[in-house]
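Written out below as structure tokens is the structure these notes cover.
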Amino acid sequence: MAQNHEPGRDCPRCPRLVAFREEMRIKHPGWHNAPVPSFGPLDASLLIVGLGPGLRGANATGRPFTGDWAGDLLYGTLLAKGRASGVYDERPDDGLELIDCRITNAVRCVPPANRPTGEEEQSCRPFLIEEIASMPRLRVILALGGIAHNAVLTTRKLKKNAYPFAHGAIHPLPDGPTLVDSYHCSRLNTNTRRLTEAMFHQVFDSAVAATRK
């Protein structure tokens, strides 16, 4: 039985994503091809929120950011900053463990072309709401990209124009955790140097520092 903050394997909420999921199950029967559960301890003080599973990454492996380009930078940073232990080998059974950190996505199923619709974001939002509510020690949410940023604000029923997305922005939220923004660690952003490793390390340091305030 699925936890309240985790959709079941055959979650029916989004018809387009269900159809895409079924298509992928036929094409790649050995892949995960289901909603991707969060990764890391629920008693963590830091929650990292991404957009959604990558087609050949988390959708294939079943663990957030595992097996795609974005995972190299994200998990490399977590290991370098002491928020993970073990070795990241792009597999869910590589033994990697997160330390005081948890990772989830605003949309749990892979969207075609990595573009969820507004309706799909809304349909999946209850899982993010429950995710945040299930973390008793949560102090900081690190949003990777504008969609994740907006999803977090919507779960708190906050106006987006009051908390504009910007790389490195730090938004203390009323009656809630601090929201820290970063450009998404996607291949496009890293290849174009919109986001460098140094930039990501810096914003991650800011997020960690905010957990201690």
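Here, each number is a calculation from the coordinates, and none is a lab measurement. Note that the structure is predicted; figures quoted are calculated from it, not measured. Counting neighbours? That spans all protein chains shown, and the Cβs are built from the backbone with ideal geometry, glycine included.
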(request) Please work out if Glu120 is in contact with a Cys (Cβ under 6 Å, 6 or more places away or on another chain), in contact (Cβ under 8 Å) with a residue 24 or more places away in the chain, farther than 29 Å from Lys213 by Cα and not aliphatic (A, V, I, L, M). (result) yes
(request) Considering only the stretch 14-36, state which residues are part of a loop (DSSP other than H, G, I, E, B) and either of a type in the set (Gly, Ala, Ser) or within 22 Å of His149 (Cβ to Cβ) (or both). (result) Cys14, Gly30, Ala34, Pro35, Val36
(message) Condition (residue is out of contact with any strand residue (DSSP E or B) (no Cβ under 6 Å at 6 or more places or on another chain) and either hydroxyl-bearing (Ser, Thr, Tyr) or part of a helix (DSSP H, G or I) (or both)) applied to the stretch 84-92: is it met by at least one residue?
(response) yes
(request) For residues that are surrounded by fewer than 16 Cβ atoms within 10 Å (Cβ to Cβ) and without any contact (Cβ under 8 Å) to a residue 60 or more places away in the chain, scanning just the stretch 100-115, find the one that is nearest to the chain's Cα centre (by Cα). (result) Arg115
(message) Pull out all pairs, ordered by first then second residue, where Cβ-Cβ is under 7 Å, the residues are six or more apart or on different chains, the first lies in the stretch 75-94 and is touching a residue at least 60 places away in the same chain (Cβ under 8 Å), and the second is in a helix (DSSP H, G or I).
(response) Thr77/Phe200; Thr77/His201; Thr77/Phe204; Lys81/Phe204; Lys81/Val208
(message) Any residue that is assigned to a loop (DSSP other than H, G, I, E, B), surrounded by 17 or more Cβ atoms within 10 Å (Cβ to Cβ) and of a type in the set (S, T, N, Q) - is there at least one of those in the stretch 186-193?
(response) yes
